[in-house]
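Here it is, the structure, as structure tokens.
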Amino acid sequence: MTKNELEELIELQNDSEFLKKSYNDLRKRYVNQYIAIKDKDVIVHHKDINIVLKKLKEKRLNPANILIEFLHPKDMVLIL
Amino acid sequence: MKIPLIVRTYAEGKKPFATVSVKIPQSKTIYGRISPFVDTGSPWTVISKTDADRLRIVVSGTPRTVYLGGAPILSYPLRNVTLKALCEDKKSVFNMSMPIVGVIQPIPNHDQSIRSAGSTPSIIGADLLERYRLALYFDICNEISYLEKV
């Protein structure tokens, strides 16, 4: 694995940590939406995943390398 | 060797998430990163619909109907997927290769299936844990979790 690939994995882990710490605040702001996180910041949000992907491309960002998550409402429980 | 997992909330439940890069051989090889959660209750490793859309995975072949959270969804086979998980030292990765990984897609015009497929994250299942002899440590109280080679 190259240094770049390793750095990108560490970035994703940092963004995942950001999502963990900010989950409640983010859910209040973006409930029922997909959010795209890069460098510990929400860079795109929308209820339609296709629009999120389109906006990322407009920003010349590769969606394959960005953490995207749907924020469920508080009463939504997923038993897997 | 430990693979650290991040314990974070997903749909009201705390789940252990990994940080993984994937290489998928298709007509044009796909490289990307995903954050799957480790689910010992799932027999298979699957890529979520959201991640499939994000990585632009093209599904083909005969899907298997499986149940996720009680809803029927389709799981398309994706062959020879390579995964690399970030290790504890943040300087090395653990290499894995799966002969088959499922890709989640909803059953068309089936509301419950569409909702379930759209809200399920990617999953590292028991197949991968068994193949690579990985044990899951999950301390939900202190939010500490990792995979360890046994």
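Each reported figure results from applying straightforward, stated rules to the coordinates on display, with no laboratory input. What you are looking at is a predicted structure, and each value in this text was computed from that prediction instead of being measured. FYI the Cβ positions are ideal-geometry reconstructions off the backbone, even for glycines, and counts take in every protein chain you see.
7 Å from Cα along Cα→Cβ at both A:Glu17 and B:Glu130: what's the point-to-point distance in nm?
Result for the modelled spin labels: 3.5 nm.
Also, quick follow-up: In the range A:1-72, with Lys and Arg counted as +1 and Asp and Glu as -1 at Cβ, which of these residues, A:Asn24, A:Leu67, A:Ile10, has the Cα nearest the positive end of the dipole, that is, farthest along it?
A:Asn24
Provide Rg and Dmax in Å for the range B:85-150, with only Cα atoms included in the calculation.
Final numbers for Rg and Dmax: 15.8, 46 Å.
Further question on the same structure: Just checking the output field for A:36-47: average partner chain Cβ neighbours within 10 Å of each residue's Cβ?
Counting other chains' Cβ atoms within 10 Å and averaging over A:36-47 gives 0.
Return the subset of A:Lys57/B:Lys90; A:Lys21/B:Lys90; A:Lys57/B:Lys28; A:Lys59/B:Lys84; B:Lys28/B:Lys90 for which the Cα-Cα distance in this structure is over 23 Å, preserving the input order.
A:Lys57/B:Lys90; A:Lys59/B:Lys84; B:Lys28/B:Lys90
Using alpha carbon coordinates only, what is the Rg to Rh ratio of the range B:2-149, with Rh defined as the Kirkwood radius?
0.95
When only Cα pairs under 8 Å and 6 or more residues apart are kept, what is the percent relative contact order across chain B?
Relative contact order, chain B: 31 percent.
Can you tell me which of A:Glu58, A:Glu17, A:Glu69 moves the most in a GNM of chain A? Springs connect C-alpha atoms under 10 Å apart.
A:Glu58
Under 13 Å from a point placed 7 Å out from the Cα of A:Met76 along the Cα-to-Cβ direction: which residues of the range A:51-69 have their backbone N that close?
A:69
Applying 1/(1 + (r/R0)^6) with R0 = 35 Å to the Cβ-Cβ distance of A:Asp48 and B:Phe138, what FRET efficiency is obtained, to the nearest 0.05?
The pair A:Asp48/B:Phe138 has a calculated efficiency of 0.55.
Taking θ = phi - 60°, what integer Hz values does the Karplus form 6.51 cos²θ - 1.76 cosθ + 1.60 yield along the range B:20-37, in sequence order, with x for Gly and Pro?
9, 9, 10, 10, 10, x, 10, 4, 10, 4, 9, 10, x, 10, 9, 10, x, 9
Could you give the size of the charge dipole of the protein assembly as shown about its Cα centre, using +1 on the Cβ of each K and R and -1 on the Cβ of each D and E, expressed in debye and rounded to the nearest 20?
520
Let me ask something else. So what is the relative contact order for chain A, in percent, with contacts set as C-alpha pairs under 8 Å and at least six apart?
Computed over chain A, the figure is 32 percent.
With chain B treated as a Gaussian network of Cα nodes joined by springs under 10 Å, which of B:Asn95, B:Asn80, B:Asn109 yields the largest mean-square fluctuation?
B:Asn109
I need the peptides B:140-148, B:32-40 ranked by packing, meaning the mean over residues of other C-beta atoms within 10 angstrom, with the highest value on top.
B:32-40, B:140-148
For the protein assembly as shown, count all C-alpha to C-alpha pairs, find those more than 33 Å apart, and express that count as a whole percent of the total.
That tail contains 9 percent of the Cα-Cα pairs.
Out of residues 5 or more away from B:Tyr10 or on other chains, whose amide H comes under 5 Å of its own, with H placed 1.01 Å from N in the peptide plane?
B:Lys15
Then there is this: Quick one: what does P(r) look like for chain A with 10 Å bins over all Cα pairs, in whole %?
Pairs per bin, as whole percents: 18, 46, 30, 6, 0.
In deg cm²/dmol, rounded to 500, what helix-only [θ] at 222 nm does chain B give when every DSSP H run of at least 4 residues adds -39500 (n - 2.57) and the total is split over its residues?
-4000 deg cm²/dmol
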